[in-house]
Each structure stands twice: as C-alpha cells, then as structure tokens.
C-alpha cells in the first residue's frame, strides 16, 4: 500500500486560507491607523480574549515564554523559591521559572495523559515550595480540581501554562482561569495562532494587571516614568489585529479538530495508545499524540507513505544540555513519553479524508 497523496503534518498556508480576506483587512486597518504598538487593536483583543476565556483581564505580551516569565515575576515570591513543574513539559516552562529567579522542581506526569500527576506533588513539597506551574499539554487539561485543592491546602500559588490549551475547559471552565494567571502563546501553529510571535496573560487580579501592564513596557505605563525594572514584551498591533480576525472563527477551528480526533479515537488500532477521553475535560487537540514503543519505526512507515508527523518532544528536559546538572533524580515516566510519543496530522488544514487515510496507513503497519 502506497499513499500517493502527501498529507503534511502542518500547512499554515492552508490553515489560514479561509481567513485570508479578513486578515488582509485587519492588516490594512492597522497600516491605515498609523499606530503600531499598544493601540486599539491590542486593547480590543485583550477585551475579547478575556471575555472568551471568562477572565476579568488580559494583558498582551510578545510571546508565550514572556507570558510565563512575567506572570511568575508578578507573584513576588521570595528569590530562589521552588516552583513545581511537570518533568515532561516543553522547556519554555522551565526556562521561565529560571529566568524569573526561581528553582524548578520536576514532578512526573501521568503516563496516559502526559500531564502532571497530583499524586506525586506532595512527595516533593518543602518549606521553599511556593508555587506550581502546570502545563496543559496537547490541548488537554491537568487535573485542576486536585491541583487547586493542593494549592489551597499548602498556600501555593498556581500559574497555568496554556500555550497548547486555548479553548480547553475543565468541568466547563476554561484553562487559564483557575490560578493567579493563565499564560498563552499565539505561535503560528497554535489552534489560535497569529502570523509571528505573540502571547497573553489572563488574570482576575487587578494588582497583577497593573504590574504586568508596567513591566511589559519597560516598567512604564506613563511615558518616561518607570516604576519597575521592566521588559520590552508587547503584543504588537498587527498580530493583535490578526488574532481578532481569527478569534471570531475559533470555535469552528476547534470543532473541526475534534471531528478529526474522533476519527482517530474510534478507528486507530489498539497497538497504539490514544489520548485519554475524560468527560470532565473538553479537549481541543492542539496536538494528537499517540504512544508506541517502536515509535521511530512507525514514523518511518508513515513517512514512506507520505504522511508527515512530529515528535513532542524527543528529549526530556532533564537531559537537555542547557539544564545539565540542575536535576539529580531520574524521571522514567518523562523518558518513556519522550521516547514513545508520535504526533499525527490534526491541523485546521487537515481534512477528514486525510485522517481516514492516516488511520488506514497506521493499520497497515506490521507489528510482528
């Protein structure tokens, strides 16, 4: 069996094609305004996105990493506090903790969900533990009910890394709205992506909003008056305008991806481990990640049959050269996930026929 049609893992041109007219109008609107930094487009997107996720406030920043760094800084924790984070998260979550002046402490995930295991949190708590930074991987959600209870019991702050969970809900409530801050990335491949880098922080805390509005702009809200040691991290008007155009259609994007995921869920063979379907979580499938022990062989088979795939992620954080010597323990569940995960095509530009073909090709793989 040879698939003659190339199925790309991601084709941003195709994914954005439906919105091209509105995006061009949005860009022209910004050009005609003559205002390119922290203007009406950013303000309107902040209002609209806060409303969408059910948060009181939204602060646009330059990217998802900055959203995390600034949010952790805004907690005003004692220097070198310990912040718990999943051992298999994308490295950005760990980098943010380090850049904010604190110590990341890795906690293993639940193998089946890829997300931090609440049962393992209590074992690593110390007097220096001040916060938990959860990452909602792949469009799913962490067990927020248990994690919020732990935070309340031990007096910990909660920051949510929602770079992959735009629109995801836990028991009907959007990710990003359970803790002190929810941090979003609008990198082009995200379910809600702009045409470059962009990010945002959502919060219900007015004091945090005031601080973040200062520090994203050199520590200043009034020109030339700098209240804090700040950053240059602003969502620009062009990207905000693009995001506004796409936000209007975002629910349709998510529903398309859920239809694709349903085909995978119902038809992929049992020799691969599929994403867990949790009735409390409304998944948005930023990534459709399966697990298979001979992952690289399966990936080669799909490549030979013209199906693009990705691996999220090939190297565990504790094995990254940049973090060498920082973590002394072994993290076998993280290693297991990084060694077996394979991401199948599930972009807005992926068709139902594409996914049915991917299923057929996976079924054609010889497990003997």
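Coordinate-derived values only; no laboratory data. Everything quoted here is computed from the prediction, not taken from an experiment. Virtual Cβ from ideal backbone geometry, glycine too; neighbours counted across all protein chains shown.
Return 105, 215 ranked ascending by Cβ neighbour count within 10 Å, so the fewest neighbours appear first.
105, 215
Nearest 500 deg cm²/dmol is fine: what mean residue ellipticity at 222 nm does the chain get from its DSSP H runs of n ≥ 4 alone, each adding -39,500 (n - 2.57), divided by its residue count?
Mean residue ellipticity at 222 nm (helix-derived): -11000 deg cm²/dmol.
When the Cα centres of the range 273-329 and the range 203-256 are compared, how far apart do they sit, in Å?
After rounding, the separation between the Cα centres reads 31 Å.
When a/c is below 1.5 the answer is rounded, else prolate if a/b is larger than b/c, else oblate, so apply that to the range 325-368 with a ≥ b ≥ c taken from the square roots of the Cα gyration tensor eigenvalues.
Details: a/c = 6.78, a/b = 2.02, b/c = 3.35.
Here the range 325-368 falls in the oblate category.
Mind sorting 210, 161 by how few other Cβ atoms lie within 10 Å of their own Cβ, fewest first?
Lowest to highest Cβ neighbour count: 210, 161.
Over all alpha-carbon pairs in the chain, figure out the percentage whose distance exceeds 27 Å.
It works out to 48 percent of all Cα pairs.
State the extension gain, in nm to one decimal, for the chain segment bounded by residue 18 and residue 249, taking 0.36 nm per residue of separation less the distance between their alpha-carbons.
Working: separation 231, 0.36 × 231 = 83.16 nm, distance 0.99 nm.
Computed gain between residue 18 and residue 249 is 82.2 nm.
The range 36-53 to the range 174-201: how many Å between their Cα centroids?
Centre-to-centre distance over Cα atoms comes out at 13 Å.
In terms of the Cα gyration tensor, with a ≥ b ≥ c the square roots of its eigenvalues, is the range 250-363 rounded because a/c is under 1.5, prolate because a/b exceeds b/c, or oblate?
Values: a/c = 2.07, a/b = 1.54, b/c = 1.35.
Here the range 250-363 falls in the prolate category.
Would you list 361, 98 from fewest to most Cβ contacts within 10 Å?
Result, fewest neighbours first: 98, 361.
Show me 220-231, 82-93, 138-149 ranked by packing, highest mean number of other Cβ atoms within 10 Å first.
On the way: 220-231: 12.8, 82-93: 23.6, 138-149: 21.5.
Packing proxy ranking, top to bottom: 82-93, 138-149, 220-231.
Restricting the count to DSSP beta bridges whose residues both fall in the chain, what percent are antiparallel, rounded to a multiple of 5? Don't skip to the end; give the middle numbers.
Numbers: 23 of 41 bridges.
Approximately 55 percent, going by the DSSP bridge assignments.
Give the peptides 22-34, 279-291 in descending order of average Cβ contacts within 10 Å, highest first.
The densest-packed peptide leads the list: 279-291, 22-34.
If I model a spin label as a point 7 Å beyond the Cα along the Cα-Cβ vector, how far apart are those points for residue 79 and residue 306 in nm?
6.0 nm
Which whole-angstrom value gives the distance between the alpha carbon centres of the range 125-166 and the range 61-124?
9 Å
Ranked highest first by the average count of other Cβ atoms within 10 Å around their residues, in what order do 232-242, 304-314 fall?
The packing order, highest mean first, is 232-242, 304-314.
With a/c under 1.5 counting as rounded, go ahead and sort the range 184-289 into rounded, prolate or oblate using the C-alpha gyration tensor (a ≥ b ≥ c being the square roots of the eigenvalues; past the cut-off, prolate if a/b is larger than b/c, else oblate).
prolate
Please express the Cα-Cα pair-distance distribution P(r) of the range 4-99 as a list of whole percents, one per 10 Å bin, running from 0 to the bin with the greatest distance.
Percent of pairs per bin, in order: 12, 26, 33, 21, 8, 0.
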